[in-house]
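Colleague: Before I ask anything, here is the structure I am working with.
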There are 2 protein chains.
Amino acid sequence: MKKVVILLSGGIDSATTLAIARSEGCELYALSIDYGQRHRLELERARQVAASFGVKEHRIIRVDLRGIGGSALTADMEVPKDRTQEEITRGIPVTYVPARNTVFLAIALSWAEVIGAETIFLGVNVLDYSGYPDCRPEYIRAFEDMANLATRAGVEGKKRFTINTPLITMTKAGIIKRGAELGVDFGLTLSCYDPTREGIACGRCDSCLLRKKGFSEAGIKDPVRYAA
Amino acid sequence: MKKVVILLSGGIDSATTLAIARSEGCELYALSIDYGQRHRLELERARQVAASFGVKEHRIIRVDLRGIGGSALTADMEVPKDRTQEEITRGIPVTYVPARNTVFLAIALSWAEVIGAETIFLGVNVLDYSGYPDCRPEYIRAFEDMANLATRAGVEGKKRFTINTPLITMTKAGIIKRGAELGVDFGLTLSCYDPTREGIACGRCDSCLLRKKGFSEAGIKDPVRYAA
């Protein structure tokens with residue numbers, strides 16, 4: 001069985017990515033990052049999603065991006081609410097965490113090298129997303145090139161790391177349909193950037209709005225409770 | 001003044017790199033990473049080195065690479081001792097921490113983006129080093145390319161990140177001479193992978209051996225105490 005590392009946030013995209021990796025018969029090593037995010041509840045959801053797919057191992061690794069700041073997700077800044085679709089997709093929002101995917105992929109690369117995995121699954125997509133630079137295909141290819149020079153693989157020439165991004169050209173609705181087909185329990189997932197302490201989604205942040213729109217377009221009922 | 005981020009470990013190379021950045025008139029933001037290294041004492045030394053150069057800010061950021069393991073520096077494995085020069089420079093040793101420089105540079109990139117710095121200084125060198133893949137110039141260039149796609153810079157086209165590696169082709173002796181010229185207090189630095197609790201260097205790990213050889217070849221007295 002092919003060992004793969006899957007970055008798992010607890011949201012829809014990474015849960016569907018995990019389901020796709022399982023459908024391909026991979027041995028699943030799920031990795032979640034506790035980076036000081038305000039929606040830290042997502043880690044517990046990631047644990048539940050990982051368990052629901054019977055992963056070989058789920059590890060949560062801490063990195064203190066709150067000590068770096070610069071984002072509404074890691075510093076004392078307001079999470080924007082009630083933005084229009086046009087506002088959401090124009091420019092880079094304050095919820096962008098500087099170099100987050102690079103930090104996450106670097107940690108995933110470290111674990112992949114230790115366990116002997118050659119593939120890292122990442123649930124980024126360029127449609128219906130929030131304008132983050134580190135979700136674009138050209139970024140993913142550049143990370144891959146770098147990864148192959150960064151590690152034993154680059155010196156010994158035995159392995160070649162691949163970043164597998166199965167959702168990259170899918171819409172949110174398409175992702176939800178695919179996830180539903182593959183048995184993702186969306187009731188376990190948490191997309192909200194600003195949930196209540198009990199884990200109830202705000203329903204008004206960019207991430208909630210993209211999720212609601214996705215379920216609506218997919219014609220599937222969202223099992224999650226919203227405060228608004 | 002040009003803002004720069006310097007990765008500072010508490011060893012000779014990064015201290016000399018910091019001195020070079022200062023000599024170029026940069027505004028210094030020093031960054032040390034608490035990654036669960038067995039020689040965690042180096043962080044206190046990094047603090048002292050940063051203070052001795054009057055940096056604008058020194059931040060220590062935690063990332064739990066002990067949760068990843070796979071290295072004699074982050075797992076319960078023996079640090080090799082008394083290896084010959086030939087053994088040290090052949091192959092990748094067990095002290096290699098998988099993807100460590102990628103994790104460090106990713107965190108540095110995050111901070112650089114937040115504070116508006118375009119340059120990250122990193123004290124890697126390809127001579128008199130330990131055979132780590134993530135110290136090679138081709139790796140550094142690939143990280144740079146990736147960094148420029150990973151961040152706002154890549155989307156907005158305003159900045160271009162550079163990884164500055166002033167020591168990359170220097171010998172350890174050359175680094176020590178340059179550091180001495182620039183006023184580095186080598187008595188503050190700690191190179192040892194396996195120091196005593198009091199911070200006394202073992203004198204027998206690869207890092208101690210490379211350091212001793214460097215001071216000897218530079219004709220400078222090493223102010224540090226060794227157990228052996």
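Colleague: Could you check segment B:66-117 and list, in sequence order, the residues that are in contact (Cβ under 8 Å) with a residue 60 or more places away in the chain, more than 12 Å from B:TYR132 (Cβ to Cβ) and part of a loop (DSSP other than H, G, I, E, B)?
Modeller: Once the filter is applied, which keeps residues that are in contact (Cβ under 8 Å) with a residue 60 or more places away in the chain, more than 12 Å from B:TYR132 (Cβ to Cβ) and part of a loop (DSSP other than H, G, I, E, B), segment B:66-117 yields B:ALA72, B:VAL79, B:PRO80, B:ASP82, B:ARG83, B:GLY116, B:ALA117.
Colleague: Then there's this: Somewhere in segment B:14-36, is a residue in contact with a Leu (Cβ under 6 Å, 6 or more places away or on another chain), farther than 30 Å from A:TYR29 by Cβ and assigned to a loop (DSSP other than H, G, I, E, B)?
Modeller: No; the residues of segment B:14-36 include none that is in contact with a Leu (Cβ under 6 Å, 6 or more places away or on another chain), farther than 30 Å from A:TYR29 by Cβ and assigned to a loop (DSSP other than H, G, I, E, B).
Colleague: Would you confirm, using the coordinates I've provided, whether B:ILE68 is facing another protein chain (nearest Cβ under 7 Å) and in contact with a strand residue (DSSP E or B) (Cβ under 7 Å, 6 or more places away or on another chain)?
Modeller: In short, yes.
Colleague: Additional query: Tell me, please, whether a residue that is surrounded by fewer than 20 Cβ atoms within 10 Å (Cβ to Cβ) and either acidic (Asp, Glu) or within 14 Å of chain B (Cβ to nearest Cβ) (or both) can be found in segment A:170-182.
Modeller: Yes: segment A:170-182 contains one or more residues that are surrounded by fewer than 20 Cβ atoms within 10 Å (Cβ to Cβ) and either acidic (Asp, Glu) or within 14 Å of chain B (Cβ to nearest Cβ) (or both).
Colleague: I'd like the residue in segment A:112-147 that is within 8 Å of chain B (Cβ to nearest Cβ) and in contact with a Leu (Cβ under 6 Å, 6 or more places away or on another chain) and, out of all such residues, is surrounded by the fewest Cβ atoms within 10 Å (Cβ to Cβ).
Modeller: Restricting to residues being within 8 Å of chain B (Cβ to nearest Cβ) and in contact with a Leu (Cβ under 6 Å, 6 or more places away or on another chain), the top hit is A:GLU138.
Colleague: Of all residues in segment A:38-54 being in contact with a helix residue (DSSP H, G or I) (Cβ under 8 Å, 6 or more places away or on another chain) and buried (at least 20 other Cβ atoms within 10 Å of the Cβ), which is nearest to A:THR102 (Cα to Cα)?
Modeller: Result: A:ALA46.
Colleague: Looking only at segment B:86-111, which residues are away from chain A (no Cβ under 12 Å) and either within 23 Å of A:VAL63 (Cα to Cα) or in contact with a Lys or Arg (Cβ under 7 Å, 6 or more places away or on another chain) (or both)?
Modeller: B:THR95
Colleague: Taking segment B:183-216 only, how many residues are surrounded by fewer than 20 Cβ atoms within 10 Å (Cβ to Cβ) and hydroxyl-bearing (Ser, Thr, Tyr)?
Modeller: 2
Colleague: Name, by its number, the condition in (1) closer than 25 Å to A:LYS2 by Cβ; (2) under 15 Å from the mean Cα position of the chain (by Cα); (3) of a type in the set (S, T, N, Q) that does not hold for A:ASN148.
Modeller: In the conditions (1) closer than 25 Å to A:LYS2 by Cβ; (2) under 15 Å from the mean Cα position of the chain (by Cα); (3) of a type in the set (S, T, N, Q), A:ASN148 misses (2) alone.
Colleague: Going residue by residue through segment B:208-223, is there one that turns out to be at pLDDT 95 or above, closer than 25 Å to B:TRP111 by Cβ and not hydrophobic (A, V, I, L, M, F, W, C)?
Modeller: no
Colleague: Next up: Does segment B:120-132 include one or more residues that are assigned to a helix (DSSP H, G or I) and modelled with pLDDT of 90 or more?
Modeller: No: zero hits.
Colleague: Can you name the residue in segment B:204-227 that is aliphatic (A, V, I, L, M) and not in a helix (DSSP H, G or I) and is also farthest from the chain's Cα centre (by Cα) among such residues?
Modeller: Among residues in segment B:204-227 that are aliphatic (A, V, I, L, M) and not in a helix (DSSP H, G or I), the one farthest from the chain's Cα centre (by Cα) is B:ALA227.
The values are calculated or read from the model by the stated rules, or taken from the named source; none is laboratory data. Model, not experiment: these values are computed from the prediction. FYI the Cβ positions are ideal-geometry reconstructions off the backbone, even for glycines, and counts take in every protein chain you see.
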